[in-house]
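Notes follow once the structure below has been shown.
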Amino acid sequence: MFRGSIVAIVTPFRNGKVDEKALGNLIEWHIKEGTDAIVPCGTTGESATLDYKEHFRVIKFTVDVVNKRVPVIAGTGANGTDETIIITKEAKKSGADGALLVCPYYNKPTQEGLYRHYKAVADAVKIPIVLYNVPGRTAVNMLPATVARLAEIKNIVAIKEATGDMKQVSEVIRLCGDKIAVISGDDFTTIPLMALGGKGVISVSANVAPKLVAQMCAHWEQGRYDEARKIHFQLEPLNNAMFIETNPIPAKTALAMMGKIKEEFRLPLCEMSKANRDKLKGVLKGMKLVK
């Protein structure tokens, strides 16, 4: 259902408000460049600093602008199950094609708690659900056995795997087979994960180089492995640069350098240090994304 290059799109701000004009332009650019699906209100979209009204508006705006040209997978996860259900219901009402649910963060649920959380949401909202395992942000790792249990639930269709652990990815694919699509949550693991049977990437780098990420995934899916590997190595400096400071600071800074958005964040995120800004600009120049 969900595959290829899926961008975890940034949320542009201007003077403290969501910049819908810039967001609309980004969406059109992504579709033109070959992005296969769009995730609004994920980690890269600074969802943690959006209030409910903004969160719902960004999802609805994205759905409306996309207009069924590619799938929209709305970020709807929270650290409480009831809140997650509320946001996921709103995403379905807005016309999203799926929902991306991060593991509940901060409260560190057990594996049984994770299972019950996702099952409760899947039972309450009949929308395709993408699990999101990112222990570096949530302080909890959803283990392969738990993913396999959840894969038995009909509307849980995929997992964004952001552990960076290929052994864990391999075990998830072995246990789940075709019951769930495994999607990379780290740009640097896209090709290794697809080699194991994964279906693509929910990408940060695609914010900056959407055509290259889309081409890389398409090459691999169509058996052009040498071409895919070539783009993987071409993207490696950018993949590294996207995490020289906390995501999405580098992505938004790069897009501002490219003239696509205003460089604006919400506290506690702030502008990039000068040293890292210089490194980022060097990478963008090397890829001919800026002059």
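The values are calculated or read from the model by the stated rules, or taken from the named source; none is laboratory data. Worth saying up front: this structure is predicted, and the values here are computed from it rather than measured. We place every Cβ from the backbone using ideal geometry, glycine too, and count neighbours over all the protein chains shown.
General remarks:
- Only one of 142, 216 that is buried (at least 24 other Cβ atoms within 10 Å of the Cβ), at pLDDT 95 or above and part of a helix (DSSP H, G or I): 216
- If you go through region 68-79 and keep only what is out of contact with any helix residue (DSSP H, G or I) (no Cβ under 8 Å at 6 or more places or on another chain), closer than 19 Å to residue 159 by Cα and assigned to a loop (DSSP other than H, G, I, E, B), you end up with 71, 79.
- Residue count for region 85-138, restricted to those that are of a type in the set (A, V, I, L, M), over 21 Å from residue 203 (Cα atoms) and either in contact (Cβ under 8 Å) with a residue 24 or more places away in the chain or assigned to a loop (DSSP other than H, G, I, E, B) (or both): 9.
- Selected residue (only one of 121, 130, 201 is over 18 Å from the mean Cα position of the chain (by Cα), at pLDDT 95 or above and buried (at least 24 other Cβ atoms within 10 Å of the Cβ)): 121
- Some residue of region 146-155 being under 17 Å from the mean Cα position of the chain (by Cα) and modelled with pLDDT of 95 or more: no
- Evaluation of residue 197 against (1) more than 25 Å from residue 74 (Cβ to Cβ); (2) free of Cβ contacts under 8 Å to residues at least 40 places away in the same chain; (3) assigned to a helix (DSSP H, G or I) (one fails), failing number: (3)
- Being over 24 Å from residue 83 (Cβ atoms) and buried (at least 23 other Cβ atoms within 10 Å of the Cβ) holds for only one residue in 7, 39, and it is 7.
- Of the residues in region 227-237, none is assigned to a loop (DSSP other than H, G, I, E, B) and either free of Cβ contacts under 8 Å to residues at least 60 places away in the same chain or not β-branched (Val, Ile, Thr) (or both).
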